[in-house]
Amino acid sequence: GFGIKTMTFRIYNRWGQKVFETHNSTEGWDGTFNGVPQPMDVYVYTLSVDFIDGKKIEKQGDITLIR
């Protein structure tokens with residue numbers, strides 16, 4: 001993303017346990033938690049971004065992990 005000052009991207013499993021977090025826009029989740037492949041399932045993500053112009057966005061949704 002262009003103009004990002006800070007960002008936080010988190011992924012949670014169906015029980016609300018955080019399985020991934022990054023502050024780097026080029027880093028993605030590899031489908032593991034503590035080195036253990038996670039089961040095929042639906043996971044929830046949250047994304048918080050602060051832009052250099054002062055604008056802020058909050059997004060959330062779900063992703064499906066398929067192996």
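The values are calculated or read from the model by the stated rules, or taken from the named source; none is laboratory data. Predicted model, so just to flag it, every value in this text is computed and none were measured. Neighbour counts are summed over all protein chains in view; Cβ atoms, including those assigned to glycine, are modelled from backbone coordinates with ideal geometry. These accessible areas exclude ligands, DNA and RNA; they are computed on the full protein's heavy atoms, side chains included. Shrake-Rupley method; radii C 1.70, N 1.55, O 1.52, S 1.80 Å.
Near PHE20, once Lys and Arg are set to +1 and Asp and Glu to -1 for all other residues with Cβ below 13 Å from its Cβ, the sum equals -1.
For segment 14-53, with the dipole built from +1 on Lys and Arg beta-carbon atoms and -1 on Asp and Glu ones, taken about the Cα centre, which of ILE52, TRP15, SER25 lies farthest toward the positive end? Of the options given, the answer is TRP15.
Taken about its Cα centre, the chain carries a charge dipole of about 100 debye when Lys and Arg each add +1 at the Cβ and Asp and Glu each add -1 at the Cβ. Whole-percent P(r), the chain, all Cα pairs, 5 Å bins from 0: 4, 16, 27, 22, 15, 9, 6, 2.
For the chain, the relative contact order comes to 35 percent (Cα pairs under 8 Å, sequence separation of at least 6). Entry comment: accessible area of the chain is 73 Å² per residue, from protein heavy atoms only and a probe of 1.4 Å. For the chain, the fraction of 1.4 Å probe accessible surface lying on carbon and sulfur atoms is 53 percent.
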